[in-house]
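> Here it is, the structure in full.
The values are calculated or read from the model by the stated rules, or taken from the named source; none is laboratory data. This is a predicted model, so every value here is computed, not measured. Glycine also receives a Cβ, built like all others from the backbone with ideal geometry; neighbour counts cover every protein chain displayed. Note: accessible area is taken over every heavy atom of the protein model, side chains too, but ligands, DNA and RNA are not part of it. Shrake-Rupley method; radii C 1.70, N 1.55, O 1.52, S 1.80 Å.
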Amino acid sequence: MNLAAAATNESLAQTSNVLIYSAMAVYTLAFFAHIAEWLLGSRSKVARTAAALTGGAQESAAGSVKVQVTNKGGATAVLERPKIITRSASGSRDIPDGPGAHGGDAQGDLYGRIAVSLTVLAWAVEAAGVVARALSVQRAPWGNMYEFNITFSTVAVGVYLVLLALRKNVRWIGLPLITTVLLDLGLAVTVLYTDSDQLVPALHSYWLWIHVSTAIFCGAVFYVGAVATLLYLFRERYETKLATGLKPGSFATSVMERLPASGTLDKFAYRVNAAVFPLWTFTIIAGAIWAGDAWGRYWGWDPKEVWSFITWVAYACYLHARATAGWKGRKAAYLALIAFGCWLFNYYGVNIFVTGKHSYAGV
Amino acid sequence: MSKASMNKASLSGGTAADKADGTAAHESRGTAADSSGATTAGTDTQATAGTSTQAAAGTGTQAAAGADTRTAAETAAADRAASEARDASELGAAGSQLSTAPREEAVIGGPTLGLVGWFRWFWRQLTSMRVALILLFLLSLGSIPGSLIPQASVDELKVQDFRDRHETLAPVYDKLQLFHVYSSAWFSAIYILLFISLIGCIVPRTWQFAGQLRSRPPGAPKRLTRLPAYTTWRTTATPEAAREAALAILRRHRFRAHATGDAVAAEKGYLREAGNLIFHIALIVLLVAFATGQLFKSEGGKLVVEGDGFSNTLTQYDDFKSGSLFDTDELVPFSFTLDKFTGTYERSGPQLGTPRTYQADVRYTTEAGGPEKKAVIKVNKPLELDGSKVYLNAHGYAPVVTVRDGRGQVVFNGAVPLLPIDNNVSSTGAIKVMDGYRDKNGKKDQLGFAAFFVPTYGGKGSGQMFSRFPALDFPVLNVGAYHGSLGVDAGLPQNVYQLDTRKLTAFKDAKGDLLKKTLLPGEKLTLPDGAGSITFEKEVKEWASFQISQQPGSSWALVGAVAAIAGLAGSLFIQRRRIWVRAVRGADGVTVVEMAGLGRSESAKLPEELAELAGTLHSEAPSAPDPADDSAEQTVEGAEK
Ligand code: HEM
């Protein structure tokens, strides 16, 4: 390798830092916009969920959504087409999703939109920061925990924005996501910062691109799933309270009221976790192949390997729980949170508290 | 269990329970109670009540109010359960066998049938999903200590260090096999049970699935309006024509479809189940491959100085470990010579001294006297030879020294590999002159030198000199001289990098201390009284240490892994679903078409798919002009309530 050619480019690294700080500033604005959205949204006092659960509204909320068939050729015949009537599983609460953080308030909605726009901007700036960092070191920007962290939050926000772009109902995740992204970036620039530099020889491998990129991606998606699971747990408790005739506090009502129904949250969390589980499996296998090349054994119970395995088994537990009667709902949700906890520990805990072959990265 | 209730149970196991996907815990318990029949009903209701009680207690002042409404909630739950039972009987066999997941039939009262009964009971428990879940959980829990406590299989030295520091704890850990977690009896017990459970789960599921593949999708339930997605219209086509068109369309969409009575039944997405089975089978393949690898593997280390070689026989290894079933005949014959080792390091910035490249240029042959080939071994790029892999795993310096006796005769000349002790490759070692040396009286003696080497001299710290940089910029060698018996013949294994000074006598300097000297390349330390000299030649070689390992079964592990991912993707991304199309002549003589779909889980895709199929069918069986079209739909909706 030619050392001169790979010399780190100081000014690019500097640019990257400026971009990351700018992204933090814009995320902060997005954070405040979300807060405004939530505050303004609390003005609407229609107790939809309560109404749905205590009868009365049952009729209108029976969940029979009529889907009109759209003709691929054109829309002329639409009304002629048969209508599809869907029917929720018997036994499930037919609760409509909350209206979102803005609570139906026009001004709240405006702030929500502003928050999303700011998030898009911040994300673009952050992504540019990650790219600049990669260019400055002329390699994948995943050589140490600082780089790992900035990429991680970029991907998590990216996943959220893609879901939004696909018109999925995910705006409710905005505030918790942006909050933790700010924490993540704060941690990155203060505690974990490492000057941009090249890699130690053990990391020179195309498996770095494959293994680490999928690991970051999986983590980001698991994270989105974990946030949804947590909200599910709150919302589910709230609904159970209502269903048993208790009256939750007004703050809880105001917040929970606006979230999607627990069923929706749970399903969203499940989809997200299940969708990324095969990729996580692949990540571990790619890691094993790399370990086979780098250390002469594909599996050696190195702490990082052990914790990836634990995380994998924990998510497998969660998926099994979902298929096992009596373990759905809250119990499965707890398993999902434990599994994400394992992922987090693997990421921070193992790097910081345990020494193993994976500790090369200047933390 | 009667045939009918079996059907009902498997229906709820596969569909109703699935549909509860995302409903609250106690509601799904309701479902479970419904599905597993009377045995569990009691406990499940209890659990429901328990949850509600907790909720009520949680609010304190409102507890009383809560108590009232709780009963209401329970009544509601009971209603729901009842309506579900109704549903189930109405759907009949339509929803059965939509998966091969085992039903959860918690047999609470133990077995009663003697030994066989016990075994059956045990087997049923072991192969239930619930126990699989618990075993999986235990497996992850059991892996944790191994990541926090040093493991003998990973780092023996750390274990020793731990033992030294925790004298009371270590024996306890030993008892619990916590230094060998992954080969401990208890860890093995968990995964062997899981393994058996896995097999016990796969075999019946495979049979069941094979049966499902051979049989046809179940006929249409009586009331299609009960299904999660439904549509209907009145058409000008005859019922026969409509059914025929539906059959053709469904087949075109790769459904397995057939006509039964007044309806067409179709199913798609069998790959989901296949994927799931493949995934679980792949886990077995992985596990077997891993176990084989552990039993038959061999792994050895060899330190080679530039210019030297290695050939793959047991005697040449510095250290060697193998699995319990490994046979030395299985060592792949090859040999190689290390031509050159290159290491480069970061020369500036905060990571000054961080290694950038390590590479070993070698020449190798795979048959004695055969042609030599060149290869480069790097940290991530082992040399692969016939199932054996040669890894580069460490490097260091080997200063070339010459030792002469009193008469100027060379008694030793060569590169002495020294062990690095820090990141800047400060190294220590021993130079041993075992035979050929005679002292000034002509008597046989042995010489030993304690060597300390720095590649880039950074000055003298507190006592010992230190290295400032890992590359060879300013090499300096410090030697301390001894003579006497090196203790090599004592029969005890001797560390080549350490000098056993117990039977050695130090050469003394003028002050009576150990004779020591710091040498630059080309410099010489002369021993007192004509005992000879040692010269640090103007040459420092590098050495590289290689790990040579053989692990059969890794290709099977890879196959298993790939199959696992593929199966998993199939199992998680493919929906298994059924569609029924019924076409009958209505009371007024006009044909009524009904279409309905049922999936394993409630998915937004099912209505979409049904809509598309309905659209296609509709173009072949168009609506009959009927002003009362809307009211017909009304009745359908009304019927649901
Ligand atoms: C070695 C440990 C195991 C792992 C890592 C594992 C992993 C998984 C995963 C990730 C799924 C999710 C796929 C899906 O939802 O369709 C799954 C499903 C399933 N597993 Fe396992 N499994 C293991 C052992 C077992 C055992 C021992 C059994 C039998 C008792 C079993 C029975 C099932 C069944 C029936 C499903 C399908 C559930 C459904 O149809 O929804 N698994 N498994």
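> Residue pairs, Cβ under 6 Å, 6 or more apart or interchain, first in region B:359-381 and β-branched (V, I, T), second assigned to a loop (DSSP other than H, G, I, E, B). List them.
Listed by first residue and then by second, the contacts come to B:T365/B:E372; B:T366/B:F334.
> Taking strands (runs of 3 or more DSSP E) that fall entirely within region B:496-578, which contain at least 3 residues that are farther than 30 Å from A:N273 by Cα and of a type in the set (D, E, K, R)?
Details: elements: B:504-506, B:516-519, B:524-527, B:532-550.
Counting at least 3 such residues, we get B:532-550.
> For region B:582-602, which residues satisfy the criterion of being facing chain A (nearest Cβ under 9 Å) and at pLDDT below 85?
Hits for region B:582-602 are B:S601, B:E602.
> Can I ask one more? Given the criteria open to solvent by less than 10 Å² (accessible area, probe 1.4 Å) and touching a helix residue (DSSP H, G or I) at 6+ places or on another chain (Cβ under 9 Å), does B:G480 qualify? Steps first, please.
On the way: open to solvent by less than 10 Å² (accessible area, probe 1.4 Å): yes; touching a helix residue (DSSP H, G or I) at 6+ places or on another chain (Cβ under 9 Å): no.
No, not satisfied.
> Among what's in region A:342-353 and is open to solvent by less than 30 Å² (accessible area, probe 1.4 Å), more than 15 Å from the ligand (Cβ to nearest atom) and within 15 Å of B:S140 (Cα to Cα), pick the residue that is nearest to the other protein chains (Cβ to nearest Cβ).
Restricting attention to region A:342-353, the residues satisfying the condition of being open to solvent by less than 30 Å² (accessible area, probe 1.4 Å) are A:342-343, A:346-347, A:349-350.
Next, from what is left, pick out any that are more than 15 Å from the ligand (Cβ to nearest atom): A:343, A:346-347, A:349-350.
Keeping just the survivors that are within 15 Å of B:S140 (Cα to Cα) gives A:343, A:346.
Values: A:W343: 12, A:N346: 9 Å.
Taking the candidates together, the pick is A:N346.
> From the list B:S555, B:S571, pick out the single residue that is more than 30 Å from B:F474 (Cβ to Cβ), open to solvent by less than 50 Å² (accessible area, probe 1.4 Å) and either more than 42 Å from the chain's Cα centre (by Cα) or not aliphatic (A, V, I, L, M) (or both).
On the way: B:S555 fails: open to solvent by less than 50 Å² (accessible area, probe 1.4 Å).
From the options B:S555, B:S571, the qualifying one is B:S571.
> Let me ask something else about it. Given the structure, is B:L352 within 12 Å of chain A (Cβ to nearest Cβ), of a type in the set (A, V, I, L, M, F, W, C) and not in a strand (DSSP E or B)? Reasoning before the result, please.
On the way: within 12 Å of chain A (Cβ to nearest Cβ): yes; of a type in the set (A, V, I, L, M, F, W, C): yes; not in a strand (DSSP E or B): yes.
Judged against the criteria, B:L352 is a match.
> Further, regarding this structure: What number goes with the only condition from (1) without any contact (Cβ under 8 Å) to a residue 40 or more places away in the chain; (2) part of a loop (DSSP other than H, G, I, E, B); (3) under 23 Å from B:K508 (Cβ atoms) that B:F452 does not pass?
(2)
Condition check ((1) surrounded by fewer than 23 Cβ atoms within 10 Å (Cβ to Cβ); (2) outside any helix (DSSP H, G or I); (3) not basic (K, R)) across all residues:
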residue	(1), (2), (3)
A:T214	yes, no, yes
A:A220	yes, no, yes
A:A228	no, no, yes
A:K247	yes, yes, no
A:P278	yes, no, yes
A:A286	yes, no, yes
A:I289	yes, no, yes
A:E305	no, no, yes
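> So which pairs qualify, if the first residue must be in region A:166-178 and free of Cβ contacts under 8 Å to residues at least 40 places away in the same chain, the second must be outside any helix (DSSP H, G or I), the Cβ gap must be under 9 Å, and the two must be at least 6 apart or on different chains?
Cβ pairs passing all conditions: none.
> Name the single residue, out of those in region B:316-329 being in a helix (DSSP H, G or I) and modelled with pLDDT under 85, that is least open to solvent (accessible area, probe 1.4 Å).
Applying the first criterion (in a helix (DSSP H, G or I)) to region B:316-329 yields B:316, B:328-329.
Remaining after also requiring modelled with pLDDT under 85: B:328-329.
Values: B:T328: 65, B:D329: 127 Å².
Here the answer is B:T328.
> Out of B:S184, B:S188, report the one residue that is within 16 Å of the ligand (Cβ to nearest atom), open to solvent by less than 70 Å² (accessible area, probe 1.4 Å) and of a type in the set (S, T, Y). Full working, then the answer.
Values: B:S184 fails: within 16 Å of the ligand (Cβ to nearest atom).
Testing whether each residue is within 16 Å of the ligand (Cβ to nearest atom), open to solvent by less than 70 Å² (accessible area, probe 1.4 Å) and of a type in the set (S, T, Y) leaves just B:S188.
> If you take the residues of region A:311-341 that are more than 18 Å from the chain's Cα centre (by Cα), away from the ligand (no atom under 12 Å from the Cβ) and in a helix (DSSP H, G or I), which of them is nearest to the other protein chains (Cβ to nearest Cβ)?
A:R330
> Can B:E244 be described as of a type in the set (D, E), away from the ligand (no atom under 16 Å from the Cβ) and under 30 Å from B:L606 (Cα atoms)?
Details: of a type in the set (D, E): yes; away from the ligand (no atom under 16 Å from the Cβ): yes; under 30 Å from B:L606 (Cα atoms): yes.
Taking the combined requirement at face value, the residue satisfies it.
> Provide a single number: the residues in region B:330-349 that are away from every other protein chain (no Cβ under 14 Å), surrounded by fewer than 17 Cβ atoms within 10 Å (Cβ to Cβ) and within 28 Å of B:T456 (Cα to Cα).
2
> It is to be established whether one or more residues within region B:161-171 are facing chain A (nearest Cβ under 8 Å) and more than 16 Å from the ligand (Cβ to nearest atom). Break it down into steps so the answer makes sense when it comes.
So the first thing to find is which residues in region B:161-171 are facing chain A (nearest Cβ under 8 Å), and the list is none.
Checked against the condition, which is being facing chain A (nearest Cβ under 8 Å) and more than 16 Å from the ligand (Cβ to nearest atom), region B:161-171 yields no hits at all.
> Could I ask something else about it? Quickly run through region B:279-299 and pick out the residues that are surrounded by fewer than 18 Cβ atoms within 10 Å (Cβ to Cβ) and within 11 Å of the ligand (Cβ to nearest atom).
B:I284, B:L287
> So, one more: I'd like the full set of residues that are more than 11 Å from chain A (Cβ to nearest Cβ) and open to solvent by less than 10 Å² (accessible area, probe 1.4 Å), limited to region B:534-552.
First pass over region B:534-552, keeping only residues more than 11 Å from chain A (Cβ to nearest Cβ): B:534-545, B:552.
Across region B:534-552, the qualifying residues are B:I534, B:F536, B:W543, B:A544.
> Which one is modelled with the highest pLDDT among residues in region B:115-139 that are of a type outside the set (A, V, I, L, M, F, W, C) and within 8 Å of the ligand (Cβ to nearest atom)?
Just the residues of region B:115-139 that are of a type outside the set (A, V, I, L, M, F, W, C), to begin with: B:117, B:120, B:124-125, B:127-128, B:130.
Those left that are additionally within 8 Å of the ligand (Cβ to nearest atom): B:127-128.
Working: B:T127: 78, B:S128: 82.
That would be B:S128.
> (1) modelled with pLDDT of 90 or more; (2) surrounded by fewer than 22 Cβ atoms within 10 Å (Cβ to Cβ); (3) over 30 Å from B:I548 (Cα atoms); (4) more than 7 Å from chain B (Cβ to nearest Cβ): which one isn't true of A:N273, the others all being true?
Among (1) modelled with pLDDT of 90 or more; (2) surrounded by fewer than 22 Cβ atoms within 10 Å (Cβ to Cβ); (3) over 30 Å from B:I548 (Cα atoms); (4) more than 7 Å from chain B (Cβ to nearest Cβ), the lone unmet condition for A:N273 is (2).
> Still on this structure, please answer the following. Quick one: which strands (runs of 3 or more DSSP E) sit completely within region B:213-275 and have at least 3 residues that are surrounded by 20 or more Cβ atoms within 10 Å (Cβ to Cβ)? Outline the logic, then answer.
Numbers: elements: B:229-235, B:256-260, B:263-268.
Once the strands (runs of 3 or more DSSP E) in region B:213-275 are filtered for at least 3 residues that are surrounded by 20 or more Cβ atoms within 10 Å (Cβ to Cβ), what remains is B:229-235, B:263-268.
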